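Structure first, then comments.
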Amino acid sequence: MGRADPEEGQLPAPVKPPDGGWGWIVLLGCFVITGFSYAFPKAVSVYFKELMKDFHVGYSDTAWISSIMLAMLYGTGPVCSIMVNQFGCRPVMLIGGLLASSGMILASFTTNIIELYLTAGVLTGLGMALNFQPSLIMLGTYFDKRRPLANGLAAAGSPVFLSSLSPLGQVLLEKFGWRGGFLIMGGLLLNCCTCGAVMRPLDMGMKRKMEKAQDKYEAKEMLPIGGKSEEGISTTDGTKKAKKAKKKPKKGKKLLDFSIFSNRGFIIYTISKFILVLGLFVPPILLVNYAKDTGVPDTEAAFLLSIIGFIDIFARPACGMVAGLKWVRPHVAYLFSFAMLFNGLTDICSARASNYTGLVIFCVFFGISYGMVGALQFEVLMAIVGSQKFSSAIGLVLLIEAFAVLIGPPSAGRLVDALKNYEVIFYLAGSEVVLSAVFLAMATYCCLNRGKKKEPPPEKNPSTGGGSDTEEAESDVQEAEEHSSDNHQPAHSTDNAMVAASEEANHVAEEQSGEGGGCPEGDGEVLARDSCSADQTVERDSF
(Lines give C-alpha, C1' and ligand atoms only; values in the text may rest on other atoms or scores of the structure.)
Protein backbone atom coordinates (compact mmCIF):
# COMPACT_ATOMS: atom_id res chain seq x y z
CA MET A 1 0.00 0.00 0.00
CA GLY A 2 3.05 2.29 -0.16
CA ARG A 3 3.08 5.50 -2.19
CA ALA A 4 6.81 5.99 -2.68
CA ASP A 5 7.01 4.84 -6.28
CA PRO A 6 4.80 5.90 -9.18
CA GLU A 7 4.84 2.34 -10.42
CA GLU A 8 3.43 1.22 -7.08
CA GLY A 9 0.40 3.44 -7.35
CA GLN A 10 1.71 6.88 -6.46
CA LEU A 11 -0.33 9.76 -7.84
CA PRO A 12 2.05 12.13 -9.67
CA ALA A 13 2.38 15.71 -8.52
CA PRO A 14 1.30 18.57 -10.80
CA VAL A 15 3.73 19.17 -13.65
CA LYS A 16 6.49 21.74 -13.27
CA PRO A 17 8.50 23.44 -16.03
CA PRO A 18 11.42 21.09 -16.78
CA ASP A 19 13.89 23.96 -17.44
CA GLY A 20 15.67 21.75 -19.95
CA GLY A 21 15.19 18.41 -21.69
CA TRP A 22 12.73 18.82 -24.54
CA GLY A 23 12.58 22.49 -23.60
CA TRP A 24 15.82 23.09 -25.48
CA ILE A 25 14.15 21.83 -28.67
CA VAL A 26 11.25 24.18 -27.95
CA LEU A 27 13.78 26.98 -27.48
CA LEU A 28 15.35 26.21 -30.87
CA GLY A 29 11.93 26.36 -32.51
CA CYS A 30 11.21 29.68 -30.78
CA PHE A 31 14.59 30.99 -32.00
CA VAL A 32 13.66 30.21 -35.61
CA ILE A 33 10.13 31.63 -35.29
CA THR A 34 11.39 34.87 -33.71
CA GLY A 35 13.95 35.23 -36.47
CA PHE A 36 11.38 34.84 -39.25
CA SER A 37 8.81 37.09 -37.53
CA TYR A 38 11.06 40.10 -37.00
CA ALA A 39 13.59 39.73 -39.83
CA PHE A 40 11.37 38.64 -42.72
CA PRO A 41 9.47 41.96 -43.14
CA LYS A 42 12.81 43.78 -43.34
CA ALA A 43 14.46 41.20 -45.61
CA VAL A 44 11.67 41.52 -48.18
CA SER A 45 12.81 45.11 -48.84
CA VAL A 46 15.61 43.64 -51.00
CA TYR A 47 13.02 42.98 -53.73
CA PHE A 48 11.44 46.46 -53.69
CA LYS A 49 13.39 47.93 -56.65
CA GLU A 50 12.42 45.06 -58.95
CA LEU A 51 8.80 45.33 -57.81
CA MET A 52 8.82 49.06 -58.58
CA LYS A 53 10.00 48.34 -62.14
CA ASP A 54 7.54 45.52 -62.85
CA PHE A 55 4.45 47.13 -61.33
CA HIS A 56 5.37 50.77 -62.13
CA VAL A 57 4.84 51.96 -58.56
CA GLY A 58 6.81 54.11 -56.14
CA TYR A 59 8.92 53.17 -53.15
CA SER A 60 6.20 54.11 -50.68
CA ASP A 61 3.79 51.71 -52.43
CA THR A 62 6.15 48.76 -52.14
CA ALA A 63 7.07 49.69 -48.57
CA TRP A 64 3.45 48.98 -47.62
CA ILE A 65 4.22 45.25 -47.98
CA SER A 66 6.52 45.31 -44.95
CA SER A 67 4.18 47.65 -43.11
CA ILE A 68 1.23 45.28 -43.59
CA MET A 69 3.32 42.33 -42.38
CA LEU A 70 4.25 44.18 -39.19
CA ALA A 71 0.68 45.41 -38.72
CA MET A 72 -0.59 41.82 -38.94
CA LEU A 73 2.13 40.64 -36.55
CA TYR A 74 1.15 43.18 -33.90
CA GLY A 75 -2.51 43.87 -34.63
CA THR A 76 -3.73 40.27 -34.67
CA GLY A 77 -2.50 39.61 -31.14
CA PRO A 78 -5.98 39.14 -29.60
CA VAL A 79 -6.99 36.81 -32.45
CA CYS A 80 -3.92 34.67 -31.76
CA SER A 81 -4.72 34.62 -28.04
CA ILE A 82 -8.27 33.44 -28.70
CA MET A 83 -7.09 30.67 -31.04
CA VAL A 84 -4.39 29.50 -28.61
CA ASN A 85 -6.82 29.39 -25.69
CA GLN A 86 -9.33 27.50 -27.82
CA PHE A 87 -7.17 25.03 -29.77
CA GLY A 88 -3.71 25.06 -28.16
CA CYS A 89 -0.31 26.24 -29.39
CA ARG A 90 0.69 23.38 -31.70
CA PRO A 91 -2.35 23.40 -34.06
CA VAL A 92 -2.26 27.20 -34.29
CA MET A 93 1.44 27.18 -35.21
CA LEU A 94 0.95 24.51 -37.87
CA ILE A 95 -1.83 26.55 -39.48
CA GLY A 96 0.30 29.67 -39.21
CA GLY A 97 3.24 28.03 -40.96
CA LEU A 98 1.01 26.94 -43.84
CA LEU A 99 -0.47 30.44 -44.18
CA ALA A 100 2.93 32.14 -44.12
CA SER A 101 4.31 29.80 -46.76
CA SER A 102 1.25 29.91 -49.01
CA GLY A 103 1.24 33.71 -48.86
CA MET A 104 4.75 34.00 -50.34
CA ILE A 105 4.12 31.22 -52.88
CA LEU A 106 0.94 32.92 -54.11
CA ALA A 107 2.78 36.26 -54.18
CA SER A 108 5.16 34.87 -56.79
CA PHE A 109 2.21 34.60 -59.22
CA THR A 110 0.70 38.06 -58.61
CA THR A 111 0.20 40.60 -61.41
CA ASN A 112 -0.35 43.85 -59.47
CA ILE A 113 0.62 45.50 -56.21
CA ILE A 114 -2.81 44.99 -54.59
CA GLU A 115 -2.48 41.23 -54.94
CA LEU A 116 0.94 41.50 -53.28
CA TYR A 117 -0.64 43.33 -50.35
CA LEU A 118 -3.16 40.51 -49.88
CA THR A 119 -0.74 37.61 -50.30
CA ALA A 120 2.72 38.62 -49.07
CA GLY A 121 1.29 41.23 -46.71
CA VAL A 122 -1.90 39.84 -45.16
CA LEU A 123 -1.50 36.06 -45.53
CA THR A 124 2.21 35.87 -44.70
CA GLY A 125 1.88 38.43 -41.91
CA LEU A 126 -1.03 36.54 -40.35
CA GLY A 127 0.85 33.25 -40.60
CA MET A 128 3.91 34.65 -38.84
CA ALA A 129 1.69 36.16 -36.14
CA LEU A 130 0.10 32.74 -35.52
CA ASN A 131 3.60 31.34 -35.03
CA PHE A 132 5.27 34.09 -33.02
CA GLN A 133 2.86 34.41 -30.11
CA PRO A 134 2.33 30.65 -29.41
CA SER A 135 6.08 30.04 -29.51
CA LEU A 136 6.60 32.55 -26.69
CA ILE A 137 3.79 30.94 -24.69
CA MET A 138 5.36 27.49 -25.03
CA LEU A 139 8.75 28.90 -24.03
CA GLY A 140 7.24 30.19 -20.79
CA THR A 141 5.65 26.79 -20.22
CA TYR A 142 8.90 24.84 -20.47
CA PHE A 143 11.17 27.25 -18.57
CA ASP A 144 10.90 28.84 -15.15
CA LYS A 145 14.26 29.17 -13.39
CA ARG A 146 16.11 29.53 -16.70
CA ARG A 147 13.38 31.57 -18.38
CA PRO A 148 15.39 34.84 -18.62
CA LEU A 149 18.21 33.02 -20.40
CA ALA A 150 15.72 31.22 -22.65
CA ASN A 151 14.06 34.50 -23.60
CA GLY A 152 17.42 36.06 -24.37
CA LEU A 153 18.50 33.16 -26.58
CA ALA A 154 15.17 33.10 -28.42
CA ALA A 155 15.27 36.86 -28.99
CA ALA A 156 18.72 36.48 -30.59
CA GLY A 157 16.98 34.87 -33.57
CA SER A 158 15.95 38.31 -34.83
CA PRO A 159 19.46 39.72 -35.56
CA VAL A 160 20.80 36.34 -36.68
CA PHE A 161 18.08 35.89 -39.30
CA LEU A 162 18.24 39.53 -40.35
CA SER A 163 21.94 39.17 -41.14
CA SER A 164 21.21 35.93 -43.05
CA LEU A 165 17.96 36.53 -44.93
CA SER A 166 18.99 39.86 -46.50
CA PRO A 167 22.12 38.49 -48.28
CA LEU A 168 20.19 35.33 -49.20
CA GLY A 169 17.41 37.42 -50.71
CA GLN A 170 19.93 39.35 -52.77
CA VAL A 171 21.44 36.12 -54.14
CA LEU A 172 18.00 34.71 -54.98
CA LEU A 173 17.04 37.96 -56.70
CA GLU A 174 20.12 37.89 -58.92
CA LYS A 175 19.72 34.22 -59.92
CA PHE A 176 15.95 33.65 -60.05
CA GLY A 177 14.34 37.09 -60.09
CA TRP A 178 11.84 38.34 -57.54
CA ARG A 179 9.25 35.71 -58.43
CA GLY A 180 11.69 32.84 -57.94
CA GLY A 181 12.96 34.46 -54.77
CA PHE A 182 9.43 34.73 -53.35
CA LEU A 183 8.78 31.08 -54.23
CA ILE A 184 11.94 29.88 -52.46
CA MET A 185 11.23 32.14 -49.48
CA GLY A 186 7.82 30.55 -49.24
CA GLY A 187 9.47 27.14 -49.07
CA LEU A 188 11.74 28.34 -46.28
CA LEU A 189 8.72 29.48 -44.28
CA LEU A 190 7.49 25.88 -44.20
CA ASN A 191 10.10 25.41 -41.49
CA CYS A 192 7.61 27.20 -39.24
CA CYS A 193 5.46 24.06 -39.44
CA THR A 194 8.41 22.00 -38.23
CA CYS A 195 8.90 24.38 -35.33
CA GLY A 196 5.20 24.11 -34.52
CA ALA A 197 5.33 20.32 -34.56
CA VAL A 198 7.97 20.21 -31.79
CA MET A 199 5.85 22.35 -29.44
CA ARG A 200 4.70 19.36 -27.40
CA PRO A 201 2.32 20.39 -24.59
CA LEU A 202 3.36 19.38 -21.10
CA ASP A 203 -0.20 18.72 -19.90
CA MET A 204 -0.74 15.83 -22.31
CA GLY A 205 2.01 13.66 -20.86
CA MET A 206 1.03 14.58 -17.33
CA LYS A 207 -2.61 13.56 -17.81
CA ARG A 208 -1.65 10.18 -19.25
CA LYS A 209 0.66 9.43 -16.32
CA MET A 210 -2.02 10.47 -13.85
CA GLU A 211 -4.64 8.24 -15.44
CA LYS A 212 -2.35 5.19 -15.43
CA ALA A 213 -1.12 5.79 -11.89
CA GLN A 214 -4.64 6.44 -10.64
CA ASP A 215 -5.96 3.18 -12.14
CA LYS A 216 -3.09 1.23 -10.56
CA TYR A 217 -3.63 2.93 -7.22
CA GLU A 218 -7.35 2.20 -7.14
CA ALA A 219 -6.83 -1.41 -8.21
CA LYS A 220 -4.18 -1.96 -5.55
CA GLU A 221 -6.42 -0.46 -2.87
CA MET A 222 -9.43 -2.57 -3.85
CA LEU A 223 -7.79 -5.96 -4.63
CA PRO A 224 -5.81 -7.00 -1.51
CA ILE A 225 -8.42 -9.58 -0.36
CA GLY A 226 -7.49 -12.92 -1.93
CA GLY A 227 -10.88 -14.62 -1.76
CA LYS A 228 -12.77 -11.61 -3.08
CA SER A 229 -10.81 -10.67 -6.18
CA GLU A 230 -13.82 -10.72 -8.44
CA GLU A 231 -15.81 -8.69 -5.95
CA GLY A 232 -12.92 -6.20 -5.70
CA ILE A 233 -12.76 -5.86 -9.48
CA SER A 234 -16.47 -5.16 -9.70
CA THR A 235 -16.15 -2.67 -6.85
CA THR A 236 -13.31 -0.90 -8.71
CA ASP A 237 -15.44 -0.65 -11.84
CA GLY A 238 -18.33 0.68 -9.80
CA THR A 239 -16.04 3.22 -8.16
CA LYS A 240 -14.86 4.48 -11.54
CA LYS A 241 -18.43 4.80 -12.79
CA ALA A 242 -19.46 6.64 -9.63
CA LYS A 243 -16.47 8.96 -9.97
CA LYS A 244 -17.37 9.80 -13.56
CA ALA A 245 -20.95 10.48 -12.50
CA LYS A 246 -19.92 12.71 -9.61
CA LYS A 247 -17.10 14.46 -11.44
CA LYS A 248 -17.65 18.17 -11.63
CA PRO A 249 -17.92 19.71 -15.08
CA LYS A 250 -14.71 21.35 -16.21
CA LYS A 251 -14.58 25.11 -16.34
CA GLY A 252 -14.75 26.56 -19.80
CA LYS A 253 -11.64 28.28 -21.03
CA LYS A 254 -11.76 32.04 -21.45
CA LEU A 255 -11.06 32.93 -25.06
CA LEU A 256 -9.52 36.24 -23.99
CA ASP A 257 -8.95 37.00 -20.32
CA PHE A 258 -9.63 40.70 -19.75
CA SER A 259 -9.20 40.29 -16.00
CA ILE A 260 -5.49 41.05 -16.46
CA PHE A 261 -6.46 44.72 -16.70
CA SER A 262 -7.14 44.56 -12.96
CA ASN A 263 -3.41 43.88 -12.51
CA ARG A 264 -1.70 47.21 -11.82
CA GLY A 265 1.63 45.85 -12.98
CA PHE A 266 0.16 44.96 -16.37
CA ILE A 267 -1.33 48.45 -16.78
CA ILE A 268 2.01 50.06 -15.94
CA TYR A 269 3.86 47.77 -18.36
CA THR A 270 1.40 48.42 -21.18
CA ILE A 271 1.60 52.21 -20.88
CA SER A 272 5.38 52.11 -20.69
CA LYS A 273 5.64 49.81 -23.70
CA PHE A 274 3.36 52.05 -25.78
CA ILE A 275 5.57 55.09 -25.09
CA LEU A 276 8.70 53.01 -25.77
CA VAL A 277 7.57 51.79 -29.20
CA LEU A 278 6.84 55.37 -30.30
CA GLY A 279 10.57 56.10 -30.37
CA LEU A 280 12.40 52.75 -30.26
CA PHE A 281 12.30 51.91 -33.98
CA VAL A 282 12.87 55.45 -35.31
CA PRO A 283 16.73 55.62 -35.14
CA PRO A 284 17.46 52.37 -37.04
CA ILE A 285 14.91 53.31 -39.71
CA LEU A 286 16.42 56.75 -40.30
CA LEU A 287 20.06 55.86 -39.61
CA VAL A 288 21.11 55.06 -43.18
CA ASN A 289 19.60 58.22 -44.66
CA TYR A 290 21.03 60.27 -41.78
CA ALA A 291 24.52 58.91 -42.53
CA LYS A 292 24.16 59.64 -46.25
CA ASP A 293 23.16 63.24 -45.52
CA THR A 294 26.34 63.69 -43.46
CA GLY A 295 28.45 62.61 -46.45
CA VAL A 296 29.00 58.91 -45.68
CA PRO A 297 29.19 56.65 -48.80
CA ASP A 298 26.26 54.31 -49.46
CA THR A 299 28.11 51.06 -48.72
CA GLU A 300 29.50 52.34 -45.44
CA ALA A 301 26.11 53.74 -44.48
CA ALA A 302 24.47 50.33 -45.03
CA PHE A 303 27.22 48.69 -42.95
CA LEU A 304 26.03 50.63 -39.89
CA LEU A 305 22.94 48.42 -39.64
CA SER A 306 25.18 45.34 -39.80
CA ILE A 307 27.12 46.66 -36.80
CA ILE A 308 23.89 47.01 -34.82
CA GLY A 309 22.82 43.49 -35.79
CA PHE A 310 26.18 41.94 -34.90
CA ILE A 311 26.25 43.55 -31.44
CA ASP A 312 22.60 42.64 -30.93
CA ILE A 313 23.34 38.93 -31.45
CA PHE A 314 25.56 38.81 -28.36
CA ALA A 315 23.75 41.42 -26.26
CA ARG A 316 20.47 39.51 -26.00
CA PRO A 317 21.78 36.19 -24.59
CA ALA A 318 24.19 38.04 -22.29
CA CYS A 319 21.39 40.18 -20.91
CA GLY A 320 19.26 37.06 -20.44
CA MET A 321 22.01 35.48 -18.35
CA VAL A 322 22.29 38.59 -16.18
CA ALA A 323 18.51 38.74 -15.72
CA GLY A 324 18.52 35.13 -14.52
CA LEU A 325 20.83 35.80 -11.57
CA LYS A 326 19.19 35.25 -8.17
CA TRP A 327 19.79 38.80 -6.93
CA VAL A 328 18.73 40.39 -10.25
CA ARG A 329 15.63 38.44 -11.23
CA PRO A 330 13.32 39.81 -8.48
CA HIS A 331 14.16 43.29 -9.80
CA VAL A 332 13.98 42.53 -13.52
CA ALA A 333 11.54 45.41 -14.08
CA TYR A 334 14.22 47.86 -12.94
CA LEU A 335 16.76 46.20 -15.24
CA PHE A 336 14.30 46.69 -18.09
CA SER A 337 13.96 50.35 -17.11
CA PHE A 338 17.75 50.70 -17.14
CA ALA A 339 17.91 49.15 -20.63
CA MET A 340 15.33 51.62 -21.94
CA LEU A 341 17.10 54.54 -20.25
CA PHE A 342 20.40 53.41 -21.79
CA ASN A 343 18.78 53.25 -25.23
CA GLY A 344 17.14 56.67 -24.94
CA LEU A 345 20.30 58.40 -23.75
CA THR A 346 22.20 56.78 -26.65
CA ASP A 347 19.75 58.37 -29.10
CA ILE A 348 20.04 61.78 -27.46
CA CYS A 349 23.84 61.75 -27.23
CA SER A 350 24.24 60.68 -30.88
CA ALA A 351 21.95 63.37 -32.28
CA ARG A 352 24.93 65.61 -33.07
CA ALA A 353 27.18 62.89 -34.53
CA SER A 354 28.63 64.46 -37.67
CA ASN A 355 31.20 61.89 -38.88
CA TYR A 356 31.38 58.16 -39.55
CA THR A 357 33.35 57.40 -36.38
CA GLY A 358 30.68 58.98 -34.22
CA LEU A 359 27.96 56.98 -36.00
CA VAL A 360 29.88 53.72 -35.47
CA ILE A 361 30.16 54.44 -31.74
CA PHE A 362 26.43 55.17 -31.69
CA CYS A 363 25.71 51.83 -33.43
CA VAL A 364 27.77 49.90 -30.85
CA PHE A 365 25.94 51.38 -27.86
CA PHE A 366 22.59 51.28 -29.61
CA GLY A 367 23.10 47.58 -30.43
CA ILE A 368 23.84 46.80 -26.76
CA SER A 369 20.86 48.73 -25.42
CA TYR A 370 18.52 47.53 -28.17
CA GLY A 371 19.50 43.93 -27.47
CA MET A 372 18.84 44.40 -23.75
CA VAL A 373 15.37 45.76 -24.45
CA GLY A 374 14.61 42.89 -26.83
CA ALA A 375 15.76 40.25 -24.35
CA LEU A 376 13.81 41.63 -21.38
CA GLN A 377 10.51 42.84 -22.81
CA PHE A 378 8.66 39.50 -22.72
CA GLU A 379 10.46 38.27 -19.59
CA VAL A 380 9.07 41.24 -17.65
CA LEU A 381 5.56 40.56 -18.97
CA MET A 382 5.77 36.88 -17.96
CA ALA A 383 6.94 37.88 -14.50
CA ILE A 384 4.01 40.29 -14.11
CA VAL A 385 1.06 38.17 -15.30
CA GLY A 386 2.37 34.60 -14.93
CA SER A 387 2.41 31.81 -17.49
CA GLN A 388 -1.32 31.03 -17.14
CA LYS A 389 -2.48 34.46 -18.34
CA PHE A 390 0.46 35.19 -20.63
CA SER A 391 -1.42 34.06 -23.76
CA SER A 392 -4.07 36.75 -23.26
CA ALA A 393 -1.62 39.39 -22.00
CA ILE A 394 0.75 39.24 -24.95
CA GLY A 395 -2.10 39.44 -27.45
CA LEU A 396 -3.47 42.60 -25.88
CA VAL A 397 -0.01 44.15 -25.52
CA LEU A 398 0.83 43.50 -29.18
CA LEU A 399 -2.46 45.08 -30.23
CA ILE A 400 -1.66 48.24 -28.27
CA GLU A 401 1.88 48.27 -29.69
CA ALA A 402 0.43 48.10 -33.20
CA PHE A 403 -1.03 51.58 -32.77
CA ALA A 404 2.33 52.90 -31.56
CA VAL A 405 4.12 51.31 -34.54
CA LEU A 406 1.69 53.01 -36.92
CA ILE A 407 2.14 56.37 -35.16
CA GLY A 408 5.87 56.56 -34.34
CA PRO A 409 7.94 55.92 -37.51
CA PRO A 410 5.49 57.55 -39.97
CA SER A 411 5.30 60.67 -37.80
CA ALA A 412 9.11 60.80 -37.64
CA GLY A 413 9.27 60.55 -41.44
CA ARG A 414 6.84 63.45 -41.86
CA LEU A 415 8.86 65.58 -39.44
CA VAL A 416 12.02 64.87 -41.43
CA ASP A 417 10.29 65.97 -44.64
CA ALA A 418 9.02 69.12 -42.96
CA LEU A 419 12.09 70.16 -40.94
CA LYS A 420 14.87 68.65 -43.07
CA ASN A 421 16.71 68.03 -39.78
CA TYR A 422 17.49 64.60 -38.32
CA GLU A 423 18.84 66.03 -35.07
CA VAL A 424 15.39 66.98 -33.81
CA ILE A 425 14.05 63.50 -34.63
CA PHE A 426 16.78 61.77 -32.62
CA TYR A 427 16.14 64.09 -29.67
CA LEU A 428 12.42 63.39 -29.84
CA ALA A 429 12.80 59.61 -30.16
CA GLY A 430 15.34 59.47 -27.33
CA SER A 431 13.11 61.56 -25.07
CA GLU A 432 10.18 59.16 -25.62
CA VAL A 433 12.31 56.15 -24.71
CA VAL A 434 13.69 57.89 -21.60
CA LEU A 435 10.15 58.87 -20.55
CA SER A 436 9.01 55.25 -20.79
CA ALA A 437 11.97 54.12 -18.66
CA VAL A 438 11.34 56.72 -15.95
CA PHE A 439 7.60 55.96 -15.91
CA LEU A 440 8.14 52.19 -15.53
CA ALA A 441 10.69 52.57 -12.72
CA MET A 442 8.73 55.18 -10.76
CA ALA A 443 5.37 53.50 -11.17
CA THR A 444 6.79 50.10 -10.19
CA TYR A 445 8.36 51.55 -7.05
CA CYS A 446 5.44 53.71 -5.98
CA CYS A 447 2.43 51.60 -6.99
CA LEU A 448 3.68 48.04 -6.66
CA ASN A 449 6.45 47.82 -4.08
CA ARG A 450 4.75 50.05 -1.52
CA GLY A 451 1.46 48.22 -2.08
CA LYS A 452 3.17 44.90 -1.33
CA LYS A 453 4.47 46.22 1.99
CA LYS A 454 0.99 47.29 3.11
CA GLU A 455 -0.92 44.23 1.92
CA PRO A 456 -0.65 40.91 3.82
CA PRO A 457 1.13 38.09 1.98
CA PRO A 458 -1.33 36.29 -0.31
CA GLU A 459 -2.18 32.66 0.17
CA LYS A 460 -0.36 30.27 -2.10
CA ASN A 461 -2.64 29.24 -4.93
CA PRO A 462 -1.06 27.58 -7.95
CA SER A 463 -4.08 28.02 -10.19
CA THR A 464 -3.76 31.69 -11.11
CA GLY A 465 -5.13 31.34 -14.60
CA GLY A 466 -8.63 30.65 -15.70
CA GLY A 467 -9.65 27.23 -16.96
CA SER A 468 -6.26 25.91 -18.08
CA ASP A 469 -5.41 22.26 -18.64
CA THR A 470 -2.98 22.31 -15.72
CA GLU A 471 -5.70 23.46 -13.37
CA GLU A 472 -8.02 20.70 -14.51
CA ALA A 473 -5.28 18.10 -14.04
CA GLU A 474 -4.54 19.38 -10.55
CA SER A 475 -8.24 19.18 -9.66
CA ASP A 476 -8.25 15.57 -10.88
CA VAL A 477 -5.29 14.81 -8.63
CA GLN A 478 -7.09 16.29 -5.62
CA GLU A 479 -10.25 14.31 -6.37
CA ALA A 480 -8.23 11.10 -6.67
CA GLU A 481 -6.43 11.76 -3.39
CA GLU A 482 -9.74 12.50 -1.61
CA HIS A 483 -11.25 9.32 -3.02
CA SER A 484 -8.26 7.23 -2.01
CA SER A 485 -8.22 8.71 1.50
CA ASP A 486 -11.90 7.82 1.88
CA ASN A 487 -11.26 4.19 0.96
CA HIS A 488 -7.93 3.83 2.75
CA GLN A 489 -9.23 3.34 6.31
CA PRO A 490 -11.91 0.73 5.49
CA ALA A 491 -9.35 -1.35 3.62
CA HIS A 492 -7.03 -1.47 6.63
CA SER A 493 -9.96 -2.16 8.94
CA THR A 494 -10.99 -5.10 6.79
CA ASP A 495 -7.47 -6.56 6.94
CA ASN A 496 -7.35 -6.21 10.75
CA ALA A 497 -10.80 -7.77 11.05
CA MET A 498 -9.71 -10.81 9.01
CA VAL A 499 -6.71 -11.37 11.28
CA ALA A 500 -8.88 -11.10 14.40
CA ALA A 501 -11.47 -13.44 12.90
CA SER A 502 -8.83 -16.04 12.03
CA GLU A 503 -7.40 -16.05 15.56
CA GLU A 504 -10.87 -16.32 17.08
CA ALA A 505 -11.78 -19.23 14.78
CA ASN A 506 -8.64 -21.13 15.84
CA HIS A 507 -9.52 -20.52 19.47
CA VAL A 508 -13.00 -21.87 18.87
CA ALA A 509 -11.64 -24.96 17.16
CA GLU A 510 -9.35 -25.73 20.09
CA GLU A 511 -12.02 -25.38 22.77
CA GLN A 512 -14.77 -26.79 20.49
CA SER A 513 -17.14 -24.19 21.76
CA GLY A 514 -20.45 -23.74 19.96
CA GLU A 515 -20.84 -20.08 20.82
CA GLY A 516 -18.85 -18.74 17.83
CA GLY A 517 -16.05 -16.19 17.91
CA GLY A 518 -16.73 -12.62 18.85
CA CYS A 519 -14.73 -9.67 17.80
CA PRO A 520 -12.10 -8.21 20.16
CA GLU A 521 -13.18 -5.23 22.17
CA GLY A 522 -11.36 -1.95 22.20
CA ASP A 523 -10.88 0.85 19.75
CA GLY A 524 -12.85 0.49 16.57
CA GLU A 525 -15.27 -1.98 18.14
CA VAL A 526 -18.24 -1.21 15.94
CA LEU A 527 -16.25 -1.40 12.70
CA ALA A 528 -14.59 -4.64 13.82
CA ARG A 529 -17.87 -6.31 14.66
CA ASP A 530 -19.42 -5.54 11.32
CA SER A 531 -16.45 -6.83 9.39
CA CYS A 532 -15.88 -9.86 11.61
CA SER A 533 -19.40 -11.17 11.21
CA ALA A 534 -18.89 -11.47 7.49
CA ASP A 535 -15.30 -12.68 7.57
CA GLN A 536 -15.90 -15.38 10.17
CA THR A 537 -18.57 -16.87 7.93
CA VAL A 538 -15.94 -17.21 5.24
CA GLU A 539 -13.54 -18.92 7.67
CA ARG A 540 -16.17 -21.43 8.86
CA ASP A 541 -17.17 -22.30 5.32
CA SER A 542 -13.56 -22.99 4.50
CA PHE A 543 -13.31 -25.42 7.43
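Descriptive notes on the structure:
- Inter-residue pairs, beta-carbon under 7 Å, first under 24 Å from residue 417 (Cβ atoms) and touching a residue at least 40 places away in the same chain (Cβ under 8 Å) and in the range 42-61, second open to solvent by less than 30 Å² (accessible area, probe 1.4 Å) and of a type in the set (Phe, Trp, Tyr), 6+ apart: 51/178
Residue-by-condition table, conditions (1) at pLDDT 85 or above; (2) buried (at least 20 other Cβ atoms within 10 Å of the Cβ); (3) within 23 Å of residue 399 (Cβ to Cβ):
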site: 25; (1), (2), (3): yes, no, no
site: 30; (1), (2), (3): yes, yes, yes
site: 36; (1), (2), (3): yes, yes, yes
site: 46; (1), (2), (3): no, no, no
site: 80; (1), (2), (3): yes, yes, yes
site: 91; (1), (2), (3): yes, no, yes
site: 98; (1), (2), (3): yes, no, no
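Here is a yes/no grid of residues against (1) closer than 18 Å to residue 432 by Cβ; (2) in a helix (DSSP H, G or I):
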| site | (1), (2) |
| --- | --- |
| 275 | yes, yes |
| 295 | no, no |
| 309 | no, yes |
| 319 | no, yes |
| 322 | no, yes |
| 335 | no, yes |
| 345 | yes, yes |
| 363 | no, yes |
| 372 | yes, yes |
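- Residue in the range 62-69 that is farther than 23 Å from residue 160 by Cβ, polar (S, T, N, Q) and open to solvent by less than 20 Å² (accessible area, probe 1.4 Å) present: yes
- Residue in the range 334-342 that is open to solvent by less than 40 Å² (accessible area, probe 1.4 Å) and either among the β-branched types (Val, Ile, Thr) or under 18 Å from residue 304 (Cα atoms) (or both) present: no
- Residue within the range 398-409 that is crowded, with 21+ Cβ neighbours inside 10 Å and at pLDDT 85 or above present: yes
- Condition check for residue 168 on (1) farther than 30 Å from residue 380 by Cβ; (2) modelled with pLDDT of 90 or more: one failure, at (2).
- So residue 69, is it under 18 Å from residue 43 (Cβ atoms), in contact (Cβ under 8 Å) with a residue 40 or more places away in the chain and touching a Pro at 6+ places or on another chain (Cβ under 6 Å): yes
- Residue in the range 352-364 that is within 20 Å of residue 410 (Cα to Cα) and buried (at least 16 other Cβ atoms within 10 Å of the Cβ) present: no
- Screening residue 133 with (1) outside any helix (DSSP H, G or I); (2) open to solvent by less than 50 Å² (accessible area, probe 1.4 Å) gives one miss only, at (1).
- Failed condition for residue 114, given (1) in contact (Cβ under 8 Å) with a residue 60 or more places away in the chain; (2) surrounded by fewer than 24 Cβ atoms within 10 Å (Cβ to Cβ); (3) more than 26 Å from residue 151 (Cα to Cα): (1)
- Subset of the range 372-397 (residues that are among the aliphatic types (A, V, I, L, M) and open to solvent by less than 10 Å² (accessible area, probe 1.4 Å)): 373, 375, 376, 380, 381, 382, 393, 394, 397
Conditions (1) among the aliphatic types (A, V, I, L, M); (2) out of contact with any helix residue (DSSP H, G or I) (no Cβ under 6 Å at 6 or more places or on another chain), marked per residue:
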position: 327; (1), (2): no, yes
position: 344; (1), (2): no, no
position: 347; (1), (2): no, no
position: 380; (1), (2): yes, no
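- Of the set (1) over 28 Å from residue 30 (Cα atoms); (2) modelled with pLDDT of 90 or more; (3) surrounded by fewer than 23 Cβ atoms within 10 Å (Cβ to Cβ); (4) not small (Gly, Ala, Ser), all apply to residue 347 but (3).
- Test: residue in the range 156-170 that is open to solvent by less than 40 Å² (accessible area, probe 1.4 Å), touching a residue at least 12 places away in the same chain (Cβ under 8 Å) and closer than 11 Å to residue 30 by Cβ: yes
- Residue count for the range 171-187, restricted to those that are under 25 Å from residue 25 (Cβ atoms) and surrounded by fewer than 17 Cβ atoms within 10 Å (Cβ to Cβ): 1
- Residue 121 vs. criteria in a helix (DSSP H, G or I) and closer than 12 Å to residue 196 by Cβ: no
The values are calculated or read from the model by the stated rules, or taken from the named source; none is laboratory data. Bear in mind that the values here come from a model prediction, so they are computed numbers and not experimental data. Glycine also receives a Cβ, built like all others from the backbone with ideal geometry; neighbour counts cover every protein chain displayed. The accessibility values were calculated without ligands, DNA or RNA, using every heavy atom of the protein model including side chains. Shrake-Rupley method; radii C 1.70, N 1.55, O 1.52, S 1.80 Å.
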